[in-house]
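Every number here is computed from the coordinates shown, using simple stated rules; none is lab data. Since we're looking at a predicted model, the values are computed, not measured. Note that we place each Cβ from the backbone using ideal geometry, even for glycine, and neighbour counts take in every protein chain shown.
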Amino acid sequence: MGLSDKYKSIVFFTGAGMSAESGVPTYRGRGGIWSQYNWEEYACQEAFDRDPHKVLKFHELRRQSVLSCRPHPGHYVIAELEKMHPQVRAVTQNIDGMHQRAGSRNVTELHGSLWRVRCPSHGIFDDMGETFKSCKCDKCGSWLRPDIVWFGDMLNQDVVNEANLIVRRSDLFISVGTSGVVWPAAGFPKIAKESGAHCIEINPEPNEMSYLYDKAIRENAGIALPALFDEDK
Ligand code: OAD
């Protein structure tokens, strides 16, 4: 009997380590984005107001880096499970769209998406290319900023509420590749635990939140996920 027979509401809570194995750099640790780039120059509203070209260029480089990567077997395991069990969900801190590229549809993106832009007056638009289609809004001429959560930004409250509900309803909560330091996402394992979910952590390295989990798999996502769901095919 596989895990998806035993549990009815499976939530995958993913962070940068999920995409790391596809080749997308993580944020922290050696080679992490924030050790190479100063977020104050590239990832906050003040930086965008000061020099929008520089910030958009940085995000175009991130797009190109993501497009040169492919989803790994762990992404496909989640997408396949969702096809068999529509209640399977991914709640991700990642902005790279890798879950969707693997075929997942039930994805809640806590920190927004690299593939959308936002006008302060006219809302949010898909923009999927290697470069931004347009830097200014067709309707009002305002600068279009990437629709992602930067340092100092509030998260979209509707998205946070949706994620909270999904996590509270889960009976199996599997966190994959997050360092558990960025809030409110860092609070989700505790919410899952207190709601009675069985909690599994997949991460080669332990962190401050690791004590909350019922089981830790100290392995890379691309190896651990197919092994964990081997009997669910
Ligand atoms: P981090 O870069 O903080 O942490 C990545 C985690 O992935 C670490 O705990 C690694 O041990 C683990 N890891 C690395 N390779 C792995 C692999 N192959 N399989 C499994 N785990 C692996 O990334 P996040 O926790 O996602 O926010 O960071 C949270 C937020 O901080 C990001 O969403 C981003 C950043 O600032 C915004 O941009 C708003």
#### Entry: Subset tally (residues that are within 15 Å of the ligand (Cβ to nearest atom) and either in a helix (DSSP H, G or I) or more than 16 Å from GLY17 (Cα to Cα) (or both)) for the range 192-207
0
### Task
Scan the range 209-225 and report the pairs whose first residue is under 12 Å from CYS199 (Cβ atoms) and whose second residue is exposed (fewer than 15 other Cβ atoms within 10 Å of the Cβ), with Cβ atoms within less than 8 Å and a gap of 6+ or a chain change.
MET209/LYS190; LEU212/LYS190; ALA216/PRO206
#### Entry: Verdict on GLY97 being out of contact with any helix residue (DSSP H, G or I) (no Cβ under 7 Å at 6 or more places or on another chain), touching a residue at least 12 places away in the same chain (Cβ under 8 Å) and of a type in the set (Gly, Ala, Ser)
yes
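Rundown of residues vs (1) over 17 Å from GLU208 (Cβ atoms); (2) buried (at least 22 other Cβ atoms within 10 Å of the Cβ); (3) within 16 Å of the ligand (Cβ to nearest atom), yes/no style:
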residue: TRP150; (1), (2), (3): yes, no, yes
residue: MET154; (1), (2), (3): yes, no, yes
residue: SER170; (1), (2), (3): yes, yes, no
residue: LYS190; (1), (2), (3): no, no, yes
### Task
Could you list all residues from the range 189-225 that are farther than 21 Å from SER9 by Cβ and in contact with a Gly (Cβ under 7 Å, 6 or more places away or on another chain)?
ASN203, ASN207, GLU208, GLY222
### Query
If you scan the range 5-64, which residues turn out to be of a type in the set (S, T, N, Q) and part of a helix (DSSP H, G or I)?
SER19, SER35, GLN36, GLN45, GLN64
### Summary
Flagged in the range 13-46 as in contact (Cβ under 8 Å) with a residue 40 or more places away in the chain and more than 20 Å from the chain's Cα centre (by Cα), in numbering order, are GLU40, GLN45, GLU46
### Query
Name the residues in the range 129-167 that are touching a residue at least 24 places away in the same chain (Cβ under 8 Å), part of a strand (DSSP E or B) and of a type in the set (D, E, K, R), would you?
ARG145, ASP147
### Odd one out for SER195, checked against (1) in contact (Cβ under 8 Å) with a residue 60 or more places away in the chain; (2) under 30 Å from ASP5 (Cβ atoms); (3) of a type in the set (S, T, N, Q)
(1)
### Selected residue (criterion: nearest to the ligand (Cβ to nearest atom)) from residues of the range 1-28 that are under 19 Å from GLY222 (Cα atoms) and surrounded by fewer than 17 Cβ atoms within 10 Å (Cβ to Cβ)
GLY23
### Query
Of all the residues that make up the range 84-99, how many are over 22 Å from SER113 (Cβ atoms) and basic (Lys, Arg)?
0
### Query
If a residue has to be in a helix (DSSP H, G or I) and among the basic types (Lys, Arg) to count, how many in the range 72-123 make the cut?
2
### Message
For the range 208-232, which positions are more than 9 Å from the ligand (Cβ to nearest atom), part of a loop (DSSP other than H, G, I, E, B) and under 26 Å from GLY23 (Cα atoms)?
### Response
GLU208, MET209, ARG218, PHE229
